[in-house]
Amino acid sequence: MSFLVLQGIDILSRRDFADLKDLSIGLITNYSFIDNSLRCGIDMMFERGLKIRKIFTPEHGLGGIADGAVYDDSIHPRYNVPVVSLYGSKRKPQTEDLDGLDILVYDIQDVGLRYYTFIYTLAFTMEAAAENGKRYMVLDRINPLGRGVFGSRIENDLQTFVGGYRLPLQYGLTSGELARYFKKLGGLDLDLRVVPAEGWKGGSFDETSLVWNVPSPNIPTFESLLGYAGTCFFEGTNVSEGRGTFKPFLVIGAPWIDGFGMTEKIKGDFPSVKVRRREFMPFYRKYANASCDGVEFFPSKSDNYFLLALSVMEYLLKYEKFEISDRLDDLMGVKESSRKIRSGSLNPDQWESSGEEFIEFVQDCLIHPGRLFYR
């Protein structure tokens with residue numbers, strides 16, 4: 001059974017955008033800003049005569065450029081307003097960027113995982129609003145992974161643009177609830193307003209009436225998100241995580257891996273996981289135009305790809321060519337993760353108490369039903 005869900009933009013539109021009338025608006029958004037009828041939120045706001053003075057955009061820009069590609073400020077081609085890049089020379093608006101604005105309005109679809117950069121654009125713009133006395137509104141969007149929480153809270157000294165703010169790996173909050181968490185955690189003096197989604201019971205995307213609203217170029221399907229939850233760790237290694245292939249984050253491998261052996265290892269450790277041996281050839285990123293051997297996944301919600309990825313890394317230690325970079329510390333939120341994996345001292349069971357601490361901390365930030373639970 002799927003539940004009819006309305007996102008924050010649908011609720012605001014139903015009220016004829018009355019909350020924003022006569023205000024000078026700085027809009028923080030990207031290509032995911034659509035309503036239930038797939039109408040572009042930017043078009044809707046201009047059609048209603050709202051005073052959008054600037055548009056701020058995160059990684060991938062307004063239209064979906066390549067991963068990690070920085071870009072400059074521009075002018076919106078249709079509405080002739082400044083488009084300010086928050087993935088170029090700065091990640092946080094400066095005081096001059098906010099001059100003349102009454103309110104910042106945020107609507108971006110994220111994926112419910114700590115290493116997704118959009119949520120730090122939310123945090124940074126909230127901080128900028130607090131520092132400059134601007135109001136802030138979040139148009140709520142559901143968490144496509146539901147209410148599950150996993151992993152320990154990342155330590156402050158590991159904070160980067162792919163991890164920070166004492167979040168666990170998977171955090172179980174909607175964008176509006178996450179904003180309330182950021183406000184509480186940082187003690188922000190901020191006039192924050194959330195326009196809550198309606199009809200969400202805490203379930204995952206596939207339990208709703210929504211269409212998949214592609215959050216970034218390499219998460220083209222809900223299944224790719226399920227895999228990404230753990231296979232993103234391979235970004236911190238010299239194993240391809242599937243970027244540049246037909247199934248990003250659902251194939252992993254390298255030219256020097258025996259895919260048959262890896263497949264049998266995964267089937268032995270995770271008998272319920274659907275996996276097959278697969279050869280593939282990335283057309284960009286790691287091993288571009290080289291034949292890789294590895295595996296292809298067919299995820300289900302019951303799979304824990306965090307644990308699966310760690311198991312595969314331990315298996316790959318038998319290869320002399322296997323390398324783990326310091327980037328894995330940032331993604332996993334664990335200091336000296338390479339050494340701990342190699343020594344067998346990385347114990348995910350120890351993460352649960354920190355994850356439960358997060359669940360307790362955010363109780364007064366929740367808006368929607370559905371109990372947060374540690375996976």
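The values are calculated or read from the model by the stated rules, or taken from the named source; none is laboratory data. All values derive from a computational prediction rather than experimental measurement. As a convention, Cβ positions derive from the backbone with ideal geometry for all residues, glycine included, and neighbour counts pool all protein chains shown. For accessibility, only protein heavy atoms count, side chains too; no ligands or nucleic acids. Shrake-Rupley method; radii C 1.70, N 1.55, O 1.52, S 1.80 Å.
Straight-line reach from K265: which lysines have Cα under 30 Å away, leaving out those fewer than 8 places along the same chain?
K247, K274, K286, K301, K318, K321, K335, K340
Would you please name the chymotrypsin sites (Phe, Trp or Tyr not before Pro) within the range 272-314 that are DSSP coil residues with at most 12 other C-beta atoms within 10 Å of their C-beta?
F283, Y284
I need the calculated FRET efficiency for the pair D19 and N132, taking r as the beta carbon distance and R₀ as 25 Å, to the nearest 0.05. Intermediate values should be presented prior to the final figure.
Details: r = 20 Å, r/R0 = 0.81.
Plugging the Cβ-Cβ distance into 1/(1 + (r/R0)^6) gives 0.80.
If I take the Cα coordinates of the chain and project them onto the principal axes, what are the three extents in Å, biggest first?
Principal axes ranked by extent give 64, 44, 43 Å for the Cα atoms.
Top mean-square fluctuation among S85, S343, S74, Gaussian network model of the chain, C-alpha springs under 10 Å?
Residue with maximal mean-square fluctuation among S85, S343, S74: S343.
Tell me which of Y374, T160, N132 sits at the most positive position along the dipole axis of the chain, charges placed on C-beta atoms (Lys, Arg +1; Asp, Glu -1).
Y374
Under the Karplus relation 6.51 cos²θ - 1.76 cosθ + 1.60, θ = phi - 60°, what is the ordered set of whole-Hz ³J(HN,Hα) values for the range 333-350, x standing for Gly and Pro?
Karplus values, whole Hz, x for Gly and Pro: x, 10, 5, 6, 4, 4, 4, 5, 5, 5, 8, x, 9, 7, 10, x, 4, 6.
Cα-Cα over 24 Å: which of K51/K201; K21/K184; K51/K183; K54/K90?
Table pairs above 24 Å Cα-Cα are K51/K201; K21/K184; K51/K183.
Just want the answer: with Cβ charges of +1 for Lys and Arg and -1 for Asp and Glu, which residue in L225, V251, G151 is farthest toward the dipole's positive end in the range 132-251?
Most positive-ward Cα: G151.
Once the dipole of the chain is set up with Lys and Arg at +1 and Asp and Glu at -1 on Cβ about the Cα centre, which of S300, P58, M332 lies farthest towards its positive end?
Of S300, P58, M332, it is S300.
Find the accessible area per residue for the chain; the probe is 1.4 Å, ligands and nucleic acids are left out, and the unit is Å².
40
Where does the chain land at 222 nm, in deg cm²/dmol rounded to the nearest 500, when only DSSP H runs of n ≥ 4 count, each adding -39500 (n - 2.57), divided by all residues?
Calculated mean residue ellipticity at 222 nm is -7500 deg cm²/dmol.
Charges at C-beta only: +1 for Lys and Arg, -1 for Asp and Glu. How large is the resulting dipole of the range 80-148 about its Cα centre, in Debye rounded to 20?
Charge dipole, the range 80-148, about its Cα centre: 320 debye, nearest 20.
For a test of the definition: using alpha carbon positions, the gyration tensor, and the 1.5 limit on a/c, classify the range 1-138 as rounded, prolate or oblate.
Taking the square roots of the gyration eigenvalues as a ≥ b ≥ c, the range 1-138 is rounded.
In the range 281-375, which GluC sites (Glu not before Pro) fall in coil by DSSP and have 15 or fewer other Cβ atoms within 10 Å?
E320, E323, E336
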